[in-house]
1. Where the centre of each part is set by its Cα atoms, how far does region 104-179 sit from region 22-58, in angstrom?
2. Carbon and sulfur together cover what percent of the accessible area of region 94-222 at a 1.4 Å probe radius?
3. Hey, what's region 83-225 come to in accessible area per residue, 1.4 Å probe, Å²?
4. Can you quote the Å³ per residue value for the convex hull of the Cα atoms in region 83-225, rounded to an integer?
5. How much FRET efficiency would the formula 1/(1 + (r/R0)^6) give for Q56 and I97, where r is the Cβ-Cβ distance and R0 is 41 Å, rounded to 0.05?
6. Ignoring ligands and nucleic acids, what accessible area does K201 show with a 1.4 Å probe (Å², nearest 10)?
7. Give the Debye-formula value of log10 I(q)/I(0) at each listed q (0.24 Å⁻¹), with one equal scatterer per alpha carbon of region 117-183, two decimals each.
8. Filter the chymotrypsin sites (Phe, Trp or Tyr not before Pro) in region 70-144 down to the DSSP loop ones having no more than 10 other Cβ atoms within 10 Å, then list what survives.
Amino acid sequence: MKLKIGAALAAATLLASCERPPEAAQDEFWAALQSHCGNAYAGKLVSNDAADADFQGAEMIAHFRRCTDQSISIPFHVRTKDGEWDRSRTWIISRVIDDGNAALSLDHDHRHEDGSSDPVTYYGGITRTPGQSDYQAFEVSEGSIALFEREGLTASVTNTWGFQVDPMGTPDAIFAYELVRSTEKGAPEDRHFRVEFDATKPVMPPPAPWGFENDQALGEAVAED
């Protein structure tokens with residue numbers, strides 16, 4: 001009897017996994033992101049590529065500053081070696097439809113201190129697989145490839161970005177962002193940049209990122225995506 005019950009449970013588990021919709025992992029990932037809305041977290045560089053020497057030991061804050069049903073904007077603040085804060089970067093994750101399928105997209109909004117856009121801005125990628133509930137990878141988009149080629153950033157045309165997130169309240173919860181390039185995918189050399197944030201201890205939210213002094217401006221930027 002035990003063998004029969006065990007076989008039935010195994011079959012039920014297999015059936016449940018087969019019936020699980022492909023977007024389930026992304027829905028769970030999205031819910032995990034949303035659970036942090038309004039919070040800011042301190043972080044640090046955990047990778048060791050020589051190209052990121054300026055990030056070594058730097059103070060960092062990720063702020064889940066604006067959340068809607070369709071987009072989440074996360075400014076990434078870095079304290080430079082002169083003690084000033086670089087508030088030029090905002091990650092924007094959005095729910096989109098790609099080739100008729102639900103997907104997630106990532107855009108990097110880069111601004112100068114006066115609020116003007118950097119020549120290399122609004123680049124990113126899109127999910128091509130269901131991913132996992134705690135990790136999603138964003139493969140470089142065609143528009144971003146065109147931008148990188150125009151700006152002479154040929155190594156970036158093979159970029160894949162990733163986010164890892166645990167739901168708020170998870171023991172030892174982290175939020176992480178990374179960039180990966182691989183020679184196996186045609187990159188001139190392997191590349192890995194990863195920052196991790198302690199998502200168990202919210203910190204004081206920082207000022208608005210450059211160019212986003214109010215939520216209306218941020219909303220307009222997201223609406224243009």
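1. Going from one Cα centre to the other spans 11 Å.
2. Details: 3240 of 6620 Å².
Answer for region 94-222: carbon and sulfur cover 49 percent of the accessible area.
3. On the way: 7300 Å² over 143 residues.
Per residue, region 83-225 has an accessible area of 51 Å².
4. Looking at region 83-225, the number lands at 155 Å³ per residue.
5. Values: r = 40 Å, r/R0 = 0.97.
Efficiency for this residue pair is about 0.55.
6. Its heavy atoms expose roughly 130 Å² to the probe.
7. -1.02
8. Hits after loop and neighbour filter: nothing returned.
The values are calculated or read from the model by the stated rules, or taken from the named source; none is laboratory data. All figures in this text were calculated on a predicted structure; none of them were measured in a lab. Using ideal geometry, Cβ is built from the backbone for each residue, glycine included, and neighbour counts are taken over all protein chains shown. The area values use the complete protein model at the heavy-atom level, side chains included, leaving out ligands, DNA and RNA. Shrake-Rupley method; radii C 1.70, N 1.55, O 1.52, S 1.80 Å.
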